[in-house]
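The values are calculated or read from the model by the stated rules, or taken from the named source; none is laboratory data. These numbers come from a predicted model, not from an experiment. Virtual Cβ from ideal backbone geometry, glycine too; neighbours counted across all protein chains shown.
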Amino acid sequence: MIRHTVAFKLKHPAGSAAERDFLEAARRLAAIPTVRNFEALRQTGQKNHFNFGLSMEFASAADYQSYNQHPDHVHFVQTRWLPEVADFLELDYEPLSGV
């Protein structure tokens, strides 16, 4: 299993229609067939400058690669993510075994 997470800050003003529209577009990534346990999250802590997070899981590395290459994901990255995200941190995890 791979857990893909990304913390990010948008270029849009907080609470704006543009911010809401971006988050709705991001939620549609959950419809990509290999995505499991999708969550859109709002940052509540003050330990970093990110405002939002996305988290999802994939059953395998192949499923994660399929997501990365899926036309809906590629389109989202090109038309929404790159122009609208000010900064981000991406983390991909696999469970530790035997710990």
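Matching residues to (1) among the hydroxyl-bearing types (S, T, Y); (2) at pLDDT below 95; (3) closer than 28 Å to A14 by Cβ:
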position	(1), (2), (3)
F50	no, no, yes
A59	no, no, no
Y64	yes, no, no
Q69	no, no, no
H73	no, no, yes
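Go through segment 46-71 residue by residue and tally those that are farther than 13 Å from R3 by Cβ and surrounded by fewer than 15 Cβ atoms within 10 Å (Cβ to Cβ).
Residues in segment 46-71 being farther than 13 Å from R3 by Cβ and surrounded by fewer than 15 Cβ atoms within 10 Å (Cβ to Cβ): 9 in total.
So, of the residues in segment 78-99 that are of a type in the set (A, V, I, L, M, F, W, C), free of Cβ contacts under 8 Å to residues at least 40 places away in the same chain and exposed (fewer than 13 other Cβ atoms within 10 Å of the Cβ), which turns out to be nearest to R3 (Cα to Cα)?
Filtering first and then ranking leaves L96.
Being modelled with pLDDT of 95 or more and out of contact with any Phe, Trp or Tyr (no Cβ under 8 Å at 6 or more places or on another chain) narrows it down to one of L41, L91, L96, L54, so name that one.
L91
So that you can scan it fast, the table gives a plain yes or no per residue for (1) within 15 Å of the chain's Cα centre (by Cα); (2) farther than 16 Å from A86 by Cβ:
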position: A18; (1), (2): no, no
position: F22; (1), (2): yes, no
position: R27; (1), (2): yes, yes
position: A31; (1), (2): yes, yes
position: L41; (1), (2): yes, yes
position: G53; (1), (2): yes, no
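Residue-by-condition table, conditions (1) assigned to a helix (DSSP H, G or I); (2) touching a residue at least 60 places away in the same chain (Cβ under 8 Å); (3) not charged (D, E, K, R):
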site	(1), (2), (3)
R3	no, yes, no
G15	no, no, yes
E24	yes, no, no
R28	yes, no, no
K47	no, no, no
Q65	yes, no, yes
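Only one of (1) out of contact with any Leu (no Cβ under 9 Å at 6 or more places or on another chain); (2) of a type in the set (A, V, I, L, M); (3) touching a residue at least 60 places away in the same chain (Cβ under 8 Å) fails for V74. Which number is that?
Looking at each condition in turn, V74 falls short on (3).
For segment 32-45, give me each residue that is out of contact with any helix residue (DSSP H, G or I) (no Cβ under 7 Å at 6 or more places or on another chain) and either surrounded by 15 or more Cβ atoms within 10 Å (Cβ to Cβ) or in a helix (DSSP H, G or I) (or both).
The one that is out of contact with any helix residue (DSSP H, G or I) (no Cβ under 7 Å at 6 or more places or on another chain) and either surrounded by 15 or more Cβ atoms within 10 Å (Cβ to Cβ) or in a helix (DSSP H, G or I) (or both): Q43.
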